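Written below as structure tokens is the structure these notes are about.
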Amino acid sequence: KLAMDFPSEDIFLMTASPVIKAVTNFRQVSKTLEEFDVEEQPSSLLENRYPNIKVIESAVKQLKSDEHKILTEDGKEYMYEKLCLCAGAKPKLIFEGNPYVLGIRDTDSAQAFQKNLAQADRIVVVGNGGIALELVYEIQGCEVIWAIKDKAIGNTFFDAGAAEFLIPKLTAEKGETPIQCKRTKYTMEGSEEKERHTAASDKMGSALGPDWHEGLQLKGTKEFSHKVHIEILCEVKKIHLQQEFIQLQRTSLTFPKEEKNVEPDQVLWPVYVELTNGKIYGCNFIVSATGVVPNVKPFLDGNNFALGEDGGLTVDKHMHTSLPDIYAAGDICTASWEPSPVWHQMRLWTQARQMGWYAAKCMAADTLGESIDLDFSFELFAHVTKFFNYKVVVLGKYNAQGLGLDHELMLRCTKGQEYVKVVMQNGRMMGAVLIGETDLEETFENLILNQMDLSAYGEDLLNPDIDIEDYFD
């Protein structure tokens with residue numbers, strides 16, 4: 001966007017990786033809902049398209065905000081007039097530095113995961129967000145112990161009802177549908193495998209797009225399809241390596257079968273996970289899919305940034321950080337303006353794309369001395385994704401976030417087909433979760449945006465025999 005607005009200005013894109021993430025197949029589904037794929041492309045494509053963009057392939061060593069200067073790892077210095085920090089977030093690992101704990105957040109870690117899975121009989125997955133959910137659904141031929149701290153799966157996007165609706169899909173045998181791989185992995189000439197191993201493991205890859213597991217063969221060593229056991233309301237207390245475990249003289253458990261009591265495990269595993277509920281399971285490795293923390297560390301030294309409660313760089317409604325001429329967008333920032341009653345920040349691809357686009361508009365407006373209104377995409381929280389092969393749309397305060405007890409829920413559910421939940425407050429729709437092909441997203445989006453009083457419709461609002469769209473066209 002900046003390159004288009006300022007064709008005669010030099011624009012530097014600094015990135016530690018040789019590939020950039022490009023949004024492709026973009027589709028505006030409704031006013032606020034958008035669907036797209038995220039592909040890795042060589043940075044030369046961007047440079048060829050916009051002659052005023054120069055991609056600098058080096059990590060940032062230091063930011064000297066008072067001098068308007070950036071020092072890169074390769075020893076160079078760059079001056080800037082305006083700077084936007086879009087360094088994303090890092091996986092929040094349950095235990096740092098343990099070779100048996102894999103964090104999944106980016107394409108590189110997904111590949112490491114795939115290599116390990118090929119030799120795995122059993123893994124433990126920790127976490128309850130989107131990536132954990134997708135992972136557990138996609139893994140075949142490997143026992144999965146899934147440890148979640150909540151009562152129900154998918155707490156980031158769902159309530160217990162939606163979780164119940166989805167659970168049968170976890171145990172159903174999956175039909176073998178070959179998926180076409182949309183993601184292409186680019187490696188630079190000469191950077192063959194040997195270099196990949198020497199690369200420091202703490203180097204950040206690029207964040208996963210919404211279709212990250214497509215084209216990855218997520219299959220373990222066993223021949224069965226799904227085998228998932230969920231341990232609820234627990235977290236990982238300790239991780240024991242094999243030797244430590246033997247010395248402990250404690251008992252680990254076999255994979256729980258239906259009806260039968262859980263028996264002690266006779267197999268020796270490379271690593272053992274002790275849960276806060278007292279159970280111990282052995283496994284080949286542990287996947288930590290426990291969310292992310294804003295990647296602010298490279299920029300803090302010597303700069304007095306204001307930080308949000310979640311550790312992100314606070315930005316105002318024009319995406320300014322607390323330091324002059326420095327903006328931030330995406331996972332690294334914390335929105336600290338007074339939000340619309342039906343929007344909240346969530347570290348998702350959709351919001352990162354919207355914030356990046358809007359930050360560019362703000363940088364342009366400031367440079368030209370123009371004023372600009374907060375972008376429409378921050379009016380309503382809206383996200384569309386796929387879980388367990390169902391289309392999932394979440395709108396507004398879909399989990400009654402911040403509404404206290406003063407709200408009511410209305411539900412409609414057809415087993416194996418659709419799940420519709422709306423969050424109502426004082427007769428007005430505040431949020432919705434739509435799973436399956438409900439075709440209600442545009443109608444509900446309008447009803448949340450215009451805050452119409454719907455008390456008169458009562459339960460009929462979700463009556464499947466009434467075509468609700470006809471009412472509100």
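Amide H contacts of Leu85 (H built 1.01 Å from N, in plane; Pro and chain starts excluded): Tyr327, Ala328, Ala329 sit under 5 Å, all sequence-distant by 5 or more or on other chains.
Between His320 and any residue 5 or more places off or on another chain, the built amide H atoms are never under 5 Å apart. Mind listing the phi-derived Karplus ³J(HN,Hα) values for the stretch 23-29, rounded to whole Hz, using 6.51, -1.76 and 1.60 with θ = phi - 60°, and x for any glycine or proline? Once rounded to whole Hz, the list reads 7, 10, 6, 5, 9, 7, 6. Our summary gives the chain a relative contact order of 16 percent, counting only alpha carbon pairs under 8 angstrom and 6 or more residues apart. Sequentially through the stretch 291-307, phi angles give Karplus couplings (6.51, -1.76, 1.60; θ = phi - 60°) of x, 9, 10, x, 8, 9, 3, x, 10, 7, 4, x, 10, 8, 6, 7, 10 Hz, Gly and Pro residues having no value and appearing as x. Counting only Cα atoms, the stretch 292-387 measures 42, 34, 21 Å along its principal axes, largest extent leading. Database remark: amide H of Ile230 closer than 5 angstrom to the amide H of Trp146 (H placed geometrically; neighbours at sequence offset of 5 or more, or on other chains; Pro and chain starts carry no H). With both residues required to sit in the chain, DSSP beta bridges show an antiparallel share near 65%. Taking θ as phi - 60° and the Karplus parameters 6.51, -1.76 and 1.60, the scalar couplings of the stretch 462-467 work out to 10, 5, x, 7, 10, 7 Hz in sequence order, x denoting glycine and proline.
When you count the other C-beta atoms within 10 angstrom of each residue and take the mean per peptide, 71-79, 421-429 line up highest first as 421-429, 71-79.
One equal scatterer on each Cα of the stretch 382-471, no solvent, Debye formula: the resulting log10 I(q)/I(0) at q = 0.26 Å⁻¹ is -1.54. Remark: the Cα gyration tensor places the stretch 342-411 in the oblate category, a/c being 1.5 or greater and a/b not exceeding b/c. Applying a DSSP loop filter and a limit of 16 other Cβ atoms within 10 Å to the trypsin sites (Lys or Arg not before Pro) in the stretch 252-345 leaves Lys257, Lys260. For the chain, the calculated P(r), taken from all Cα-Cα distances in 20 Å bins from zero up to the bin holding the longest distance, is 21, 52, 25, 1 percent. Three principal axis extents describe the C-alpha atoms of the stretch 21-141; from largest down they are 52, 42, 26 Å.
Here, each number is a calculation from the coordinates, and none is a lab measurement. Just so you know, these numbers come straight off a predicted model, no measurement behind them. Cβ coordinates were reconstructed from backbone atoms using ideal geometry, including for glycine residues, and neighbour counts include every protein chain displayed.
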